[in-house]
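Here the structure is laid out as structure tokens; the discussion comes afterwards.
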Amino acid sequence: MKDQKAEILRLKREGKGYKTISRLTGVNLNTVKTTCRRSGLFRDNPEHRVLFTIPEKKYSTAVAVPKLLPPQRTITGDKQTDAYLWVLEVIKTGEPAHIAAAEDALKKLTITPKQAQENYTRHLQAQGAGWTSVFSTMWMDNPQHYIEGAKRQRENALAARGAFGSYEAAMEPTEAERRMLAECGEIYDDECYGWSDDERQRGSISGNRILEAWDVRKTASKGFADVLPNPYTLSDVVREFEYWSWLYRMRSAARKEIDPGGYDDGDGPIADREAWLDKKLETLRPKDQREALAVLKWYLQSERHQGSYGADSDAVYLNLIGAHGDV
């Protein structure tokens, strides 16, 4: 009987419908349904929900001292260009009052954003920047880009303070991360993990070998399936993706407040967990048509899967739209 139950649950996890499982196992249809429902494996995992629910605001978001205006500087020697560069710095403070003043100042400048961009590009090239000047000035002709970015940064920074209490606290490992690092911390502490002996001796790695080394690390982590509560449903998977996305935004905002010129130090174990979750989107069958539709709508809007990460997968669509021929 125990083996029979295990076989029923295994077939259900593979996405088989109740009728198919009944036919394959010879077990009464109602017994199959009861076995699956009582197992709890095909409802959201409550332990997973606790760990990966985005926390509510707990702390004050008030800032004791507003950011000061940046000092005006002579950069290019052209007064109008330097004034435009200063206005962009004012916008980057994110202070609502400063942004409003900057918008007024933009209307008074006699130089256009495009002219300022061209002048500053020439200045950087004269200083030896070469072709990299194109990247340094890419959005300079669009002050609205800076305004929207500053407002978004302020909004996320306030949300980080509300959730964690301080920017520094936002950078501390979450409970899920502590569990991952306790299990596999050594493979993330070793910057040369997955490198060959020759590469370690040389102190460098390049080309496809970089991706191969990442794959070695990802394989070693096993998606932390033995460390973190597993998602039982696609809704669990979506919840966890949303949690990590929220954490990225909070930390990115906090990092910019702590060190505006700093760099992201990488995602480490989170990236490997997300790669494992990508496969869950392909293999965990929807509970019903309602869940399938909800997940499909989310997937079509997911930055990770439709945007810059390029993690879109036909297997996910097939899993979602082909799930209900036999239930």
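No value in this document is a laboratory result; all are computed from the given coordinates. Quick caveat: nothing in here was measured; it's all calculated off a predicted structure. For neighbour counting, all protein chains shown are included, and Cβ atoms are generated from backbone atoms with ideal geometry for every residue, glycine included.
The peptide list 205-215, 268-278, put in order of mean Cβ contacts within 10 Å with the highest first, becomes 268-278, 205-215.
Rounded to the nearest 0.05, what FRET efficiency do Glu303 and Gln4 give with R0 = 45 Å and r taken as the Cβ-Cβ distance? Could you check? In this case the efficiency is close to 0.55. Of the peptides 223-231, 19-27, 50-58, the ranking by mean beta-carbon count within 10 Å, highest at the top, reads 223-231, 19-27, 50-58.
Dipole magnitude for the range 1-137: computed about the Cα centre from +1 point charges on Lys and Arg Cβ and -1 point charges on Asp and Glu Cβ, it is near 1320 debye. Across the range 182-327 the C-alpha pair distances fall into 5 Å bins from zero in the proportions 2, 8, 15, 17, 17, 16, 12, 7, 4, 2, 1, 0 percent. Packing, as the average of other Cβ atoms within 10 Å across residues, places the peptides 159-165, 102-108 in the order 159-165, 102-108, highest first. Take the Cα of Ala294, step 7 Å toward its Cβ, do the same at Arg13, and the gap between the two points is 2.3 nm. In this structure, the residue pairs whose Cα-Cα separation is over 26 Å, taken from Lys16/Lys297; Lys58/Lys297; Lys151/Lys218; Lys218/Lys280; Lys256/Lys280, are Lys58/Lys297; Lys151/Lys218; Lys256/Lys280.
The range 64-106 gives an Rg/Rh value of 1.00, both radii derived from C-alpha positions and Rh following Kirkwood. Using the rule -39500 (n - 2.57) for each DSSP H run of four or more residues, divided by the residues of the chain, the 222 nm mean residue ellipticity is -19500 deg cm²/dmol.
Over the chain, with a single point scatterer placed on each C-alpha, what log10 of the ratio I(q)/I(0) does the Debye formula yield at q = 0.09, 0.14, 0.16 1/Å? Listed by q, the Debye log ratios stand at -0.69, -1.21, -1.33.
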